[in-house]
Every structure is written in C-alpha cells, then in structure tokens.
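The values are calculated or read from the model by the stated rules, or taken from the named source; none is laboratory data. As the structure is a prediction and not an experimental result, all values here were calculated from the model. Cβ placement follows ideal geometry from the backbone for every residue including glycine, while neighbour counts extend to all protein chains displayed.
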Amino acid sequence: MEFKESKSGEFWVIALVGSLDTPKHMELQRKLLGIIESGEKYIVVDCSGLTYISSSGLRILLVVLKKIANSGGTLRLAGLRDNIREILVIAGFTSIFSIFTSVDEAVKS
C-alpha cells in the first residue's frame, strides 16, 4: 500500500492506493496520528485507490477516529469502492464513520 498526502482547505487528504493490511498499517497509523498530534483536526481518507482492507486496517481507522474525535476534529472516508464499502457495512462501520462519494464532497460538507 502507498499513500499520498495533500491539503484541501482545512482538510488533510490521505489518498490510499493498494491493500491496507498488516505490513503497512502501522506506517499509516503513525502518519495519521502524527497529523492529529500536530494540531490538525480535519482529515479525509481517500479510499478510491484502496483495493483491500484487513481487520488491522479497520482497527487503524477506529483508533484514528477516536483520537481525532477526542481532539474535537473529524475523520471522513471518501470514494469507497463497492468491495470496501461492503466490508465496512459487514463490520458495522457505516454507522460510525462519515462516508462521502468523493473527496470534493467530503471537504465541502
């Protein structure tokens, strides 16, 4: 998995490409928590390039959501492919996360 970061207004956008599984999940967690610890409060995770997410990847999203919510911020997911959306539905995460069809929609809402 690779990820690219950019800024759109007040949001940090982290675009994920490939599989979010055990080998790379800690690198992503460090990056996202580092953004929050630097004082940023708004993050969009662009999942349009994400092809797979493991249980460890789901855990990372929960850890980051909890941390950013405790700081008064928000974590939004955008661009979910059907297979990723299905995993989130099965895990019950669609009621926990703010999910948008695109990054543009997520940063404007």
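The table that follows gives values for the structure above.
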read-out: So Gly39, is it free of Cβ contacts under 8 Å to residues at least 60 places away in the same chain, farther than 13 Å from Leu20 by Cβ and outside any helix (DSSP H, G or I); value: yes
read-out: Test set (1) in a helix (DSSP H, G or I); (2) out of contact with any Cys (no Cβ under 9 Å at 6 or more places or on another chain); (3) not hydroxyl-bearing (Ser, Thr, Tyr) - Ile84 fails condition number; value: (2)
read-out: Residues of region 93-103 classified as part of a helix (DSSP H, G or I) and in contact (Cβ under 8 Å) with a residue 24 or more places away in the chain, total; value: 2
read-out: Condition check for Gly49: assigned to a loop (DSSP other than H, G, I, E, B) and at pLDDT 95 or above; value: no
read-out: Test: residue in region 66-80 that is basic (Lys, Arg) and part of a strand (DSSP E or B); value: yes
read-out: Number of the exception - Ser109 against (1) farther than 17 Å from Val17 by Cα; (2) at pLDDT 95 or above; (3) of a type in the set (Ser, Thr, Tyr); value: (2)
read-out: Any hit, region 61-73, residues being touching a helix residue (DSSP H, G or I) at 6+ places or on another chain (Cβ under 9 Å), more than 24 Å from Thr22 (Cβ to Cβ) and surrounded by 14 or more Cβ atoms within 10 Å (Cβ to Cβ); value: yes
